[in-house]
Amino acid sequence: MSTTKLKRNQKRQMGQFLTPLPLASSIVDTIALAKNHKFLEPSMGDGSFIIPLIERFITLYSGSIEERLSRILSENIWGIELDKNLYENCLQNIRNRWGYMPSKHNLVHGDFFRTIFPTHFDFVVGNPPFGGSFDPSIEDALDAMFGVRNGEKIKKETYAFFIVKSTDLLKRGGSLAFICSDTFLTINTMRGLRSYLMHNGDIEIKRLPTFSDETTHPMVILRYTHRGVPGKVSVHSSPLSHESINKTGNLSFGLKQELEKYFSGSRMGDFFVATSGMTTGKNEYFVREIINGKIYEPYRFSFSEMPITLKTELEKARLGKLSDKLIWEIEDKEKTGATRRAVSIERLSTPREIAIPHKHYLPYNKANNSIIYNPPTHMIYWKDDGDAVLTYKKGGNWYLRGVGGQPYFMREGITWQLIASRMHMKYLPAGYILDSGAPCAFPREHVAKDEIYFALGWSLTRQCNRILKEVINHTKNIQGKDFERLPYPFWVSSADKKRIISIIKDLIRHAMKGNRYDYNNVEIGMLDSLFSFPADVEVPVSFVSQNEMMSLPF
Ligand SMILES: C[S@@+](CC[C@H](N)C(=O)[O-])C[C@H]1O[C@@H](n2cnc3c(N)ncnc32)[C@H](O)[C@@H]1O
C-alpha cells in the first residue's frame, strides 16, 4: 500500500481531521474562564484547543512563564491523544510557542476510553473523532458502559461514545463544546444520544459553515450543559420544545415549526411495513445484468459436504470470537465428523446465454434512480428457492448469515434507492428478490392495495422529500424505517385521494409500456398541489404556536 494511502487510512480510522487553530480559538474565546476551572480535551490532536486554552489561562496568573505553564498544565488543563506523533507535536507546539514545556503535566498519550481521571471537569472541549475505530479488545466493554442511556441505545460510533463519556466527566452545571459531525441531528440510530442529552441538560447546536480544507463533511458545534434534568434545546438559533421533538417519532432535532402539523396524524408505518433487502456476499457469483432480454451465466453451481472445524468457524466469527457454549458444540461436531452443506462455484469456459424469463432466475431489485416504474435490470440465480445463494451466505462470514427482507421476497409494493438525495420511488411488481441497496415497503395486512399508489404519489412530492431530508433523516441514506416514520397524508380529501390513485395507476401503466418519467413531468409536478396541506385542516390545539394563540379572537 502507498504511504499516502496508509496515511489516509490511519486518518480515517482515527477520525483525524484537525481543527484549524483560529476556529478552535473562537470557540475557546466564548468561555468565561476562572483560575479554578478544570478543562478536558479528550482527543487533543496536535493541540488546536490546548494552545488557545493556555493562551487564555496564562493571563489569569502572574509569575514567570515557566511557573504559569506548570500550574495551568497541572491544575487547569487535561488532554489525551491516542496518536503518538500528534501527541508529541502537541507538546512541541507548546514548547515552540512559550519556549518551555513543564516535565509534570496532565497531557497524556493514550486512549480516552482507557483513561481514568482523578477529577470531574467544568468544561470539556474539542473535536472528537468521527467514524473512527475502537480498540477491539475493549469494544464490547465500552458498549456495555456507554451503549445504553435512559433505556435507549447509544450508537457505537466514536463521537457518540466520546460525548457520553465526556458528559459523565462533567460536574453538575459543567459544559461541553464539541465540533462534531451533524449526523446525530436526525438519524434514528442517534435517537438514543439525542434523548440522553435532552433529558440531562441544555443543548445548543449551531451549523459550522466551514470547517477545514481536509473534509467537506457537514459539521456543527454542539454545546451542552450538564444539569441532570431535562433541559432546553436550540437548533440553529431556533428553540425546539421537547413536545415538538417527541412528535417526530425519532426525537428529531431537524423539525421546523412549519412542518410540525404534518406530524399530527398517522404515519406511513401504520399502513406499510418497510424492509431492506439482502446482500448476496458476492453478486458476481449470483446476479446477472439483463442485456437485450438475455443474461450470460459464467458459472456452474454444485453442492458438497464440508467438515465442520473450530478453526474455520472462528475465522468466520465476529471479532474472531465465539461463546464457550458454541465452541463446545462445534468441537463436538468436529469430533463426530459432522459436515455442513457447501456450494461450489465453477467458472465455465464460455458463459451460457440464457433467454429470460427462465425458471432458474428471478428479477433482482437492484437500486436505480428511476421513478414510477422501471423494468428489471438484473436477475438472480434462484434455482430451488435460492439454494445456492442461501447456502453460500450460511457458510460465509458472520455478517452474511441473515437474509434481509426474506419474508417479503416476491411481494408487490414500492421501492426506492437507499442512497439518494431524494426518494426515487417506484412501483415494485410481485415476483422480485430484494437487494439491500433498494429498500421496499409493503401494505400491512388488511390495508387496501390502492394505498401503494397513494403512498407512491406522496413520496414523489417535494414536501414529502423535504420532511424526509430535514426531519426524518438528513443523511444520504433512506432506510425502510425512515419511510415508516413519514407522515401519512391524512389531510388529503377522499376525492383527491381517488384522483391521485388513478393518476399513479395510469403512470405505471404507461411506464410498463416504455414511457419514462422524471420530476419535470407535468403529472409528477401536479402531485405537489394534490398533496398540499390545506389551510382549513383542523390542527390540534397543541400545534398552534404561541404567537398564533395570542392573536386568536377569544
Ligand atoms: C477530529 S481529530 C481532532 C483533534 C483535535 N481535537 C483538534 O480539534 O484538532 C480527533 C483526534 O482524536 C484522536 N483519537 C482517536 N481515537 C482516540 C481515542 N480513543 N483516544 C484519544 N484520542 C483519540 C485522533 O488521533 C485525532 O487526533
Single unsatisfied condition, Y196 versus (1) touching a Phe, Trp or Tyr at 6+ places or on another chain (Cβ under 8 Å); (2) in contact (Cβ under 8 Å) with a residue 24 or more places away in the chain: (1)
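Check the stretch 169-185 and report whether any residue there is more than 16 Å from the ligand (Cβ to nearest atom), within 26 Å of P136 (Cα to Cα) and in contact with a helix residue (DSSP H, G or I) (Cβ under 9 Å, 6 or more places away or on another chain).
Of the stretch 169-185, the ones more than 16 Å from the ligand (Cβ to nearest atom) are 170-175, 185.
With the extra rule that they be within 26 Å of P136 (Cα to Cα), the set shrinks to none.
Within the stretch 169-185, not a single residue is more than 16 Å from the ligand (Cβ to nearest atom), within 26 Å of P136 (Cα to Cα) and in contact with a helix residue (DSSP H, G or I) (Cβ under 9 Å, 6 or more places away or on another chain).
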Residue in the stretch 413-465 that is farthest from the chain's Cα centre (by Cα), counting only those that are within 14 Å of I504 (Cβ to Cβ) and among the acidic types (D, E): D450
Qualifying residue in the stretch 48-62 (condition: away from the ligand (no atom under 16 Å from the Cβ), within 30 Å of D135 (Cα to Cα) and not small (G, A, S)): no
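Can you name the helices (runs of 4 or more DSSP H) wholly within the stretch 397-512 that have at least 2 residues being out of contact with any Gly (no Cβ under 9 Å at 6 or more places or on another chain) and closer than 27 Å to S532 by Cβ? Quick ask: steps written out before the conclusion?
On the way: elements: 451-459, 462-467, 480-485, 494-512.
Of the helices (runs of 4 or more DSSP H) lying wholly inside the stretch 397-512, those with at least 2 residues that are out of contact with any Gly (no Cβ under 9 Å at 6 or more places or on another chain) and closer than 27 Å to S532 by Cβ span 451-459, 462-467, 494-512.
Which is exposed (fewer than 12 other Cβ atoms within 10 Å of the Cβ), in a strand (DSSP E or B) and not assigned by TED's automatic domain parsing to the domain that holds G480, of R352, R341?
On the way: R341 fails: exposed (fewer than 12 other Cβ atoms within 10 Å of the Cβ).
R352 is the lone residue from the list that is exposed (fewer than 12 other Cβ atoms within 10 Å of the Cβ), in a strand (DSSP E or B) and not assigned by TED's automatic domain parsing to the domain that holds G480.
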The stretch 110-132 - residue that is of a type in the set (G, A, S) and within 8 Å of the ligand (Cβ to nearest atom) and, of those, surrounded by the fewest Cβ atoms within 10 Å (Cβ to Cβ): G110
Residue within the stretch 97-104 that is of a type in the set (K, R) and more than 9 Å from the ligand (Cβ to nearest atom) present: yes
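Quickly run through the stretch 190-203 and pick out the residues that are crowded, with 19+ Cβ neighbours inside 10 Å and not in a loop (DSSP other than H, G, I, E, B).
So the first thing to find is which residues in the stretch 190-203 are crowded, with 19+ Cβ neighbours inside 10 Å, and the list is 190-198, 200-201, 203.
Those that are crowded, with 19+ Cβ neighbours inside 10 Å and not in a loop (DSSP other than H, G, I, E, B): M190, R191, G192, L193, R194, S195, Y196, L197, M198, G201, I203.
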So L21, is it more than 30 Å from A141 (Cβ to Cβ) and under 31 Å from the mean Cα position of the chain (by Cα): yes
Residue in the stretch 227-246 that is surrounded by 14 or more Cβ atoms within 10 Å (Cβ to Cβ), over 24 Å from T167 (Cβ atoms) and not hydrophobic (A, V, I, L, M, F, W, C) present: no
When residues of the stretch 300-340 are limited to those that are polar (S, T, N, Q) and closer than 30 Å to I354 by Cβ, the one modelled with the highest pLDDT: S302
Number of the condition not met by E67 [criteria: (1) without any contact (Cβ under 8 Å) to a residue 24 or more places away in the chain; (2) of a type outside the set (A, V, I, L, M); (3) under 21 Å from F162 (Cβ atoms)]: (3)
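Can you tell which of F184, F211, F162 is of a type in the set (F, W, Y), surrounded by 22 or more Cβ atoms within 10 Å (Cβ to Cβ) and more than 22 Å from G480 (Cβ to Cβ)?
Details: F184 fails: more than 22 Å from G480 (Cβ to Cβ); F211 fails: surrounded by 22 or more Cβ atoms within 10 Å (Cβ to Cβ).
Going through F184, F211, F162 in turn, just one is of a type in the set (F, W, Y), surrounded by 22 or more Cβ atoms within 10 Å (Cβ to Cβ) and more than 22 Å from G480 (Cβ to Cβ): F162.
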Number of the exception - Y61 against (1) buried (at least 18 other Cβ atoms within 10 Å of the Cβ); (2) without any contact (Cβ under 8 Å) to a residue 40 or more places away in the chain: (1)
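The values are calculated or read from the model by the stated rules, or taken from the named source; none is laboratory data. All values derive from a computational prediction rather than experimental measurement. Every residue, glycine among them, receives a Cβ derived from its backbone with ideal geometry; neighbour counts consider all protein chains shown.
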